[in-house]
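To start, the structure under review is shown below, and the notes come after it.
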Amino acid sequence: MALTISAPRLEAIPSEGLDGVSFADNPHMLFVPVEEIAFALHWEIQLDQESGQISLNGHLLDAAHLRKLTNGALLVPLDELQRAGATITWSDDGMQAVVGSNHTKIAIPFANKRVEVDLANQRLRAYQGARVVLDSTISTGREGKKTPAGEFRAGPVKSRMHRSRLYHNAPMPWSVQVHENIFIHGFRKVPRRPSSHGCIRLPLTGANPAKWFYNWIDLGTPISIKGHWPAASGGGVEESVRPAHPFLPKVVIAIVITIVCFVIILFVSRRGRKL
């Protein structure tokens, strides 16, 4: 049973085109969200409810060629659009494609990538052009091991499994170097508070933002780390809570000892008079 889906009106689509999405593991292939391009070209999307297969403009999409954003949005490569009936024309420098169908033409560029790390809100956002391709919670460096703010570029180290030379050869899956020994990498538990030794931890759970980010980011991509390290909340970061008045107990003890001594002296003095 096939379900025909009319592409919803997406107000975010600019009239001049769509920012494409590319991946470092296949840098020459350009993707766009299925729903966005279907709306832009006035094409229908059909979903086979039994098999889960998707057809675009009557063409069955090859699931092996599709990708997803971590929010679940399905991405289709331009090659598949051509097989579905679109015309693809590339610019001379190969950095922009024009996708056409039924007198409609949509420009899709290889837009520039950039990454923003928000220390105050413990969040990472990755952009390609104006498009947010990843928005994830993170965990940065705790007190004494703060993640440095500044402007950096990804690399030169990028490894599926990096090992920490500073912390007992600890595994750091899907690692992207930011600056010296500071990496963006995957971690099993990522509380939304500072808890690392300075690295920026991305979740390995759910849609696996750490792996997605690793596959997407290119060496040399600008990484901007901004904001202030957030103050520890009630949960604490790994510091014991000190008493508000650290000298108060000593003062109380001294007063008690003084009073006891005075009472003893007074008692002895009175008893001596009686004798």
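Exactly one condition in (1) over 29 Å from the mean Cα position of the chain (by Cα); (2) of a type outside the set (S, T, N, Q); (3) not in a loop (DSSP other than H, G, I, E, B) is not met by residue 76; state its number.
(1)
Among the candidates 91, 101, single out the residue that is open to solvent by less than 70 Å² (accessible area, probe 1.4 Å), over 22 Å from residue 209 (Cβ atoms) and free of Cβ contacts under 8 Å to residues at least 40 places away in the same chain.
Checking each option against the conditions leaves just 91.
Restricting attention to the stretch 13-34, and to residues there that are at pLDDT 95 or above and small (Gly, Ala, Ser), which single residue is surrounded by the most Cβ atoms within 10 Å (Cβ to Cβ)?
20
Which pairs do you get when a residue that is open to solvent by 70 Å² or more (accessible area, probe 1.4 Å), found in the stretch 35-51, comes within reach of a residue that is outside any strand (DSSP E or B) and among the aliphatic types (A, V, I, L, M), reach meaning Cβ atoms under 6 angstrom, with the pair 6+ apart or on two chains?
35/7; 49/1
Can you tell me which residues in the stretch 153-181 are buried (at least 19 other Cβ atoms within 10 Å of the Cβ) and modelled with pLDDT of 95 or more?
154, 174, 175, 176, 177, 178
Wholly within the stretch 163-224, which strands (runs of 3 or more DSSP E) include no fewer than the required count, namely at least 2 residues that are without any contact (Cβ under 8 Å) to a residue 40 or more places away in the chain? Please lay out each step first, then the result.
Working: elements: 171-179, 182-187, 200-203.
Result: 171-179, 182-187.
Scan the stretch 52-73 for residues that are surrounded by 13 or more Cβ atoms within 10 Å (Cβ to Cβ), part of a loop (DSSP other than H, G, I, E, B) and free of Cβ contacts under 8 Å to residues at least 40 places away in the same chain and jot them down.
Correct list: 53, 61, 62, 66.
Would you check if there is a residue in the stretch 202-224 being at pLDDT below 85 and not polar (S, T, N, Q)?
No: the stretch 202-224 contains no residue that is at pLDDT below 85 and not polar (S, T, N, Q).
Filter the stretch 110-130 for residues that are part of a strand (DSSP E or B), within 16 Å of residue 33 (Cβ to Cβ) and open to solvent by 30 Å² or more (accessible area, probe 1.4 Å) and give the result.
Matches in the stretch 110-130: 127 only.
For the structure I just gave you, tell me whether residue 143 is at pLDDT below 95 and open to solvent by 40 Å² or more (accessible area, probe 1.4 Å).
For residue 143, the condition - at pLDDT below 95 and open to solvent by 40 Å² or more (accessible area, probe 1.4 Å) - is met.
The values are calculated or read from the model by the stated rules, or taken from the named source; none is laboratory data. Please read all numbers here as calculations on a predicted model, not as lab measurements. Cβ atoms come from the backbone with ideal geometry, glycine included; neighbour counts cover every protein chain shown. The accessibility values were calculated without ligands, DNA or RNA, using every heavy atom of the protein model including side chains. Shrake-Rupley method; radii C 1.70, N 1.55, O 1.52, S 1.80 Å.
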